[in-house]
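Engineer: Below is a structure I'd like to ask you about.
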Amino acid sequence: MTQEKKFLVSPGPHLWRNLSTSKIMYLVVAALMFPVGAAIYYFGYHALLIMAVSTATAVLAEYGVKKLRHGEFTMDGSAIVTGLIMALTLPPTIPWWMAAIGAAFAMAIAREAFGGLGHNIFNPALAGRAFLAACFSGEMSTWVLPMHFSVDAVTAATPLNESFVWHADKISLYKDLLLGNVGGSLGETSALLILIGGIMLLVLGIINWTIPVSYIGAAALLSFCLGQDALLQVLAGGLMLGAFFMATDYVTSPITNKGRIVFGVGAGILTVLIRCFGGMPEGVCFAILFMNALTPLIDRYIKPRPYGSQRKAAQ
Amino acid sequence: MAGIILKKRSTPHGVKIPESKPTGNKPIETLPFPKKAIVPLHQNLGVPCEPLVKKGDSVKTGEKIGDSESYVSAPIHSPISGEVTGFTKLIGPTTGRLTDAIIITADGRNTWEEPEAAKDIAALSRDEIIALVREAGIVGLGGATFPSHIKLSPPEGKKIDTLILNGCECEPFITSDHRIMLEYGEKILLGLGLSKKVFKPDRIYIAIEDNKQDAIDHMEELVMEMGLDRNIRIVPLKSKYPMGGEKILIKVITGREVPSGGLPLDVGAVVQSISTVKAMYDAIFDGKPLIERVVTVTGLVERPGNLCVRFGTPLREVIDYCGGIKKNVNEILLGGPMMGTSCFDLDFPVTKGVNCILAKESTPVKEENCIRCGRCLDACSMDLIPTNFVKYVKNHDYAACKKASIADCIECGACAYSCPAHIPIVEYIKIAKGELANKKRIKK
């Protein structure tokens, strides 16, 4: 006879996909290893230091805030993602303590103060970067050429600066942009490695095509219409990194696929407008932050039509 | 061949669940009749039955022991022959409400109620068929237990042009319909003939998921053999949950959408489960009312299988027949893992709606914050925004739920299945639906 035993009563469904928030986060970290590798290859030990400090500070900041608010801290990997992504947007010569301030701001203010994971309005990594840009504008706009593991840094303009001069032919420029042999933020220089990481996320189903395609597509189209070198605009600066790793942040982008396309197109247009007409050479950070602010509005107006409800035209 | 098998169809929504139907090749076994049957008087969607017997009465197998005057009800018959030895009250695991139950102690003879004089089935009229289905206590056996005679009587002026026979069985683990198709295919098709007579549809589709290729082939063979192929088509469907949902099936096969708050008949379609039409065959061809059904017993039991179980048999006896449950089992589900409900003890009997008994080991899952990944939207066959309901319920904003068409949710659980934050979305939706129903009742 089956023994006398009362059984558990739990709400359905009783089966889950083999997926969790932390698994998603660690897969993003894995994909980030491609741009992280590029950053270390091109900018040496200091790049490693900045990324380590930024990541560690982000985790500590989350832990600290959770403790202060008597919340429960779980190591779900989201702080690592934020810390790493923020580090990748910083100039290679930035002092390590500035990275720490940025990461602390990103986690403590931009994320935890809004309620923690899932509740923040702005992409924390980009908010941290924007905070640093406002505080330390000099350090945040000093660019050097890749010096690998040597210590001699040569200051140079990034490909998006007006003062940027390229002496060789266009093909070698594109090649260097793809491989990352140009000046720029730690993780943005090699478009190819970012693309590999991004495709990895696409294949694993962590992100879908909507935001990267609409973002890059809109930016390329608008630059072409404005008479710019569309390929240069796409490959240079933080566009690839932004399109694959930052604009695709679930929390701060629209929840519907249609909304995501609107978001991507908006970010693409804003990026190019800031680059061409704004006061800054680069616009990815603020374009995405601006679209983050519009996300609740996009979600309010772009919703799927429920099955069986009347189509608008029929009403 | 003339090709009665249509091209495979699919839907962009729903979720792919890894194949998990280990009992698909286990033939149906008949469970020994219970010595004591506990027969709840509420086994259908709608109004419970009133008992027709009192303590001390002797009853025969198939004798009507409960019925109701109400239209939305189905009579209940004695699953065994013996004596009514008392009444008891049970908590229905699916409804959570107390329901009366009749206790029948078996005499061990299984004496059947005298079958009515052999009928001329071909001469039965539409109304006679419906009356016989009502008398036999047949309800939708796919799980919803909606009284079948109501489904068979669409209001005047509603033309049913499409009849869909549902053999999808998209829930993981359940294989009862699969086995019925393989073993009782002829009965299904003869039962289908009765439905056809009632509805006079222009087209009949037999919908089967592609993880049951043997059933697809078998049904095709039978349809050809029995010469029924004129307007019957078999539709293979991609195995995807919840393909077998009525509204999803209608959309995938006919392209029509059942209007919000409406019924399939509003778009000229009717969906019947294959086990329901098989029960119609039993009732009308053999004169046997609905007193048993095929139940898949699976999960962490010693010998999983498909059993033909008389209603009123306690779960304990079913599980013991299968060698008992394994040590680590801490949860028993009635139904599949997606839509099944937990049952807290094994004294509860098998009823008309139980298509599966699943023993499993559950570990508590921690609910995390929604990260707005949108997977629940991709999964939702009804094109709702499941995560928003969670947000609204947390704010006690039930009006917002209503506005966001919460009533259209079929509670299939595909959203919660795909949620990386393990939010029990369906539970939140049920809370909101309950609150909205209460509000409506208070208004009245």
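The values are calculated or read from the model by the stated rules, or taken from the named source; none is laboratory data. Here the structure is a predicted model, which means the values were calculated and not measured. Backbone-built Cβ (ideal geometry, glycine too); neighbour counts: all protein chains shown.
Engineer: So in the stretch B:324-346, with the set limited to residues that are more than 10 Å from chain A (Cβ to nearest Cβ) and assigned to a loop (DSSP other than H, G, I, E, B), which one is farthest from A:Leu117 (Cα to Cα)? Full working, then the answer.
Structural biologist: To start, the set of residues in the stretch B:324-346 that are more than 10 Å from chain A (Cβ to nearest Cβ) comprises B:326, B:328, B:334.
Subset that is assigned to a loop (DSSP other than H, G, I, E, B): B:326, B:328.
On the way: B:Lys326: 39, B:Asn328: 35 Å.
Within the stretch B:324-346, the match that is farthest from A:Leu117 (Cα to Cα) is B:Lys326.
Condition check ((1) more than 20 Å from the chain's Cα centre (by Cα); (2) farther than 21 Å from B:Cys380 by Cβ) across all residues:
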residue: B:Gly191; (1), (2): no, yes
residue: B:Asp202; (1), (2): yes, yes
residue: B:Gly227; (1), (2): yes, yes
residue: B:Ile232; (1), (2): yes, yes
residue: B:Lys238; (1), (2): yes, no
residue: B:Pro242; (1), (2): no, no
residue: B:Glu246; (1), (2): no, no
residue: B:Glu257; (1), (2): yes, no
residue: B:Ala279; (1), (2): no, yes
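Engineer: Here's another thing I want to ask about it. B:Val277 - would you say it is on the phi < 0 side of the Ramachandran plot, touching a helix residue (DSSP H, G or I) at 6+ places or on another chain (Cβ under 6 Å), part of a strand (DSSP E or B) and more than 10 Å from chain A (Cβ to nearest Cβ)? Reasoning before the result, please.
Structural biologist: Numbers: on the phi < 0 side of the Ramachandran plot: yes; touching a helix residue (DSSP H, G or I) at 6+ places or on another chain (Cβ under 6 Å): yes; part of a strand (DSSP E or B): no; more than 10 Å from chain A (Cβ to nearest Cβ): yes.
Spelling it out, it is not the case that B:Val277 is on the phi < 0 side of the Ramachandran plot, touching a helix residue (DSSP H, G or I) at 6+ places or on another chain (Cβ under 6 Å), part of a strand (DSSP E or B) and more than 10 Å from chain A (Cβ to nearest Cβ).
Engineer: Show the residue pairs meeting these rules: Cβ distance below 8 Å; 6+ apart or different chains; first residue within the stretch A:243-257 and within 21 Å of A:Gly116 (Cβ to Cβ) and touching a residue at least 60 places away in the same chain (Cβ under 8 Å); second residue surrounded by fewer than 24 Cβ atoms within 10 Å (Cβ to Cβ) and acidic (Asp, Glu).
Structural biologist: none
Engineer: Can you tell me which residue within the stretch A:41-57, out of those that are crowded, with 17+ Cβ neighbours inside 10 Å and out of contact with any Gly (no Cβ under 9 Å at 6 or more places or on another chain), is farthest from the other protein chains (Cβ to nearest Cβ)?
Structural biologist: Out of the qualifying residues, it is A:Gly44.
Engineer: Let me ask something else. Every residue in the stretch A:123-138 that is surrounded by 23 or more Cβ atoms within 10 Å (Cβ to Cβ) and either at pLDDT below 95 or touching a Ser or Thr at 6+ places or on another chain (Cβ under 8 Å) (or both), please.
Structural biologist: The initial filter retains those residues of the stretch A:123-138 that are surrounded by 23 or more Cβ atoms within 10 Å (Cβ to Cβ), namely A:123-129, A:132.
Once the filter is applied, which keeps residues that are surrounded by 23 or more Cβ atoms within 10 Å (Cβ to Cβ) and either at pLDDT below 95 or touching a Ser or Thr at 6+ places or on another chain (Cβ under 8 Å) (or both), the stretch A:123-138 yields A:Asn123, A:Pro124, A:Ala125, A:Leu126, A:Gly128, A:Arg129.
Engineer: If a residue must be of a type in the set (A, V, I, L, M, F, W, C), within 10 Å of chain A (Cβ to nearest Cβ) and over 11 Å from B:Gly299 (Cα atoms), how many such residues does the stretch B:347-363 contain?
Structural biologist: 0
Engineer: I'm told A:Leu90 meets every condition in (1) more than 24 Å from A:Leu239 (Cβ to Cβ); (2) touching a Lys or Arg at 6+ places or on another chain (Cβ under 9 Å); (3) not in a helix (DSSP H, G or I) except one. Can you identify the failing condition by its number?
Structural biologist: Unmet condition: (1).
Engineer: Listed residues B:Ile291, B:Ile248, B:Ile319; which is among the aliphatic types (A, V, I, L, M), within 15 Å of B:Phe33 (Cα to Cα) and within 14 Å of chain A (Cβ to nearest Cβ)? Please lay out each step first, then the result.
Structural biologist: Working: B:Ile291 fails: within 14 Å of chain A (Cβ to nearest Cβ); B:Ile248 fails: within 15 Å of B:Phe33 (Cα to Cα).
Every option except B:Ile319 fails the conditions.
Engineer: For the stretch B:3-38, which positions are more than 16 Å from B:Ser176 (Cα to Cα) and part of a strand (DSSP E or B)? Spell out how you get there, then give the answer.
Structural biologist: Applying the first criterion (more than 16 Å from B:Ser176 (Cα to Cα)) to the stretch B:3-38 yields B:3-18, B:32-38.
Hits for the stretch B:3-38 are B:Ile5, B:Arg9, B:Val15, B:Lys36, B:Ala37, B:Ile38.
Engineer: Of all residues in the stretch A:106-131, how many are under 16 Å from the mean Cα position of the chain (by Cα) and either away from chain B (no Cβ under 14 Å) or among the aromatic types (Phe, Trp, Tyr) (or both)?
Structural biologist: 11
Engineer: Only one residue in B:Lys440, B:Lys391, B:Lys402, B:Lys366 is touching a residue at least 12 places away in the same chain (Cβ under 8 Å), assigned to a helix (DSSP H, G or I) and either at the interface with chain A (Cβ under 10 Å from one of its Cβ atoms) or more than 24 Å from A:Gly116 (Cβ to Cβ) (or both). Which one? Break it down stepwise before answering.
Structural biologist: On the way: B:Lys440 fails: touching a residue at least 12 places away in the same chain (Cβ under 8 Å); B:Lys391 fails: either at the interface with chain A (Cβ under 10 Å from one of its Cβ atoms) or more than 24 Å from A:Gly116 (Cβ to Cβ) (or both); B:Lys366 fails: assigned to a helix (DSSP H, G or I).
When all the criteria are applied, what remains is B:Lys402.
Engineer: Does at least one position in the stretch B:205-213 carry a residue that is farther than 30 Å from B:Ala416 by Cα, assigned by TED's automatic domain parsing to the domain that holds B:Lys158 and at pLDDT 95 or above? It would help to see each step written out before you state the result.
Structural biologist: Initially, the stretch B:205-213 is screened for residues farther than 30 Å from B:Ala416 by Cα, giving B:205.
From what is left, the residues that are assigned by TED's automatic domain parsing to the domain that holds B:Lys158 are B:205.
Subset that is at pLDDT 95 or above: B:205.
The answer is yes, given that some residue of the stretch B:205-213 is farther than 30 Å from B:Ala416 by Cα, assigned by TED's automatic domain parsing to the domain that holds B:Lys158 and at pLDDT 95 or above.
Engineer: Here is a follow-up. If you go through the stretch B:369-388, how many residues are closer than 18 Å to B:Ala421 by Cα and assigned to a loop (DSSP other than H, G, I, E, B)?
Structural biologist: Initial filter on the stretch B:369-388 (closer than 18 Å to B:Ala421 by Cα): B:369-380, B:385-388.
Still in the list and also assigned to a loop (DSSP other than H, G, I, E, B): B:369-374, B:380, B:385.
Residues in the stretch B:369-388 being closer than 18 Å to B:Ala421 by Cα and assigned to a loop (DSSP other than H, G, I, E, B): 8 in total.
Engineer: While we're looking at this one, here's another question. Give B:Asp383, B:Asp378 a once-over and let me know the one that is in contact (Cβ under 8 Å) with a residue 24 or more places away in the chain, at the interface with chain A (Cβ under 7 Å from one of its Cβ atoms), acidic (Asp, Glu) and closer than 21 Å to B:Gly245 by Cα.
Structural biologist: Details: B:Asp378 fails: at the interface with chain A (Cβ under 7 Å from one of its Cβ atoms).
Within the list B:Asp383, B:Asp378, the selection yields B:Asp383.
Engineer: Looking at the stretch A:7-19, is at least one residue in a loop (DSSP other than H, G, I, E, B), in contact with a Leu (Cβ under 9 Å, 6 or more places away or on another chain) and among the hydrophobic types (A, V, I, L, M, F, W, C)?
Structural biologist: First pass over the stretch A:7-19, keeping only residues in a loop (DSSP other than H, G, I, E, B): A:7-19.
When the remaining residues are screened for being in contact with a Leu (Cβ under 9 Å, 6 or more places away or on another chain), the result is A:7, A:12, A:14.
Still in the list and also among the hydrophobic types (A, V, I, L, M, F, W, C): A:7.
Within the stretch A:7-19 (the criterion being in a loop (DSSP other than H, G, I, E, B), in contact with a Leu (Cβ under 9 Å, 6 or more places away or on another chain) and among the hydrophobic types (A, V, I, L, M, F, W, C)), the answer is yes, since at least one residue qualifies.
Engineer: Tell me which helices (runs of 4 or more DSSP H) are completely within the stretch A:159-232 and hold 1 or more residues being without any contact (Cβ under 8 Å) to a residue 40 or more places away in the chain and among the β-branched types (Val, Ile, Thr), or say none if there are none.
Structural biologist: Details: elements: A:170-179, A:191-203, A:210-225.
Where helices (runs of 4 or more DSSP H) fall fully within the stretch A:159-232 and carry at least 1 residues being without any contact (Cβ under 8 Å) to a residue 40 or more places away in the chain and among the β-branched types (Val, Ile, Thr), they are A:170-179, A:191-203.
Engineer: Taking the stretch B:251-262, which residues are away from chain A (no Cβ under 12 Å) and of a type outside the set (S, T, N, Q)?
Structural biologist: Start the filter on the stretch B:251-262 by keeping residues that are away from chain A (no Cβ under 12 Å), which leaves B:253-255.
Correct list: B:Ile253, B:Gly255.
Engineer: Something else about it: Consider the stretch B:409-424. How many of its residues are in a helix (DSSP H, G or I) and either closer than 15 Å to A:Thr21 by Cβ or among the hydroxyl-bearing types (Ser, Thr, Tyr) (or both)? Give the steps one after another, and end with the answer.
Structural biologist: Initially, the stretch B:409-424 is screened for residues in a helix (DSSP H, G or I), giving B:414-418.
Checking which are either closer than 15 Å to A:Thr21 by Cβ or among the hydroxyl-bearing types (Ser, Thr, Tyr) (or both) leaves us with B:416-418.
Total satisfying the criteria: 3.
Engineer: Moving on. Within the stretch B:39-80, how many residues turn out to be in a loop (DSSP other than H, G, I, E, B), under 23 Å from B:Asp347 (Cα atoms) and β-branched (Val, Ile, Thr)?
Structural biologist: Qualifying residue count, the stretch B:39-80: 2.
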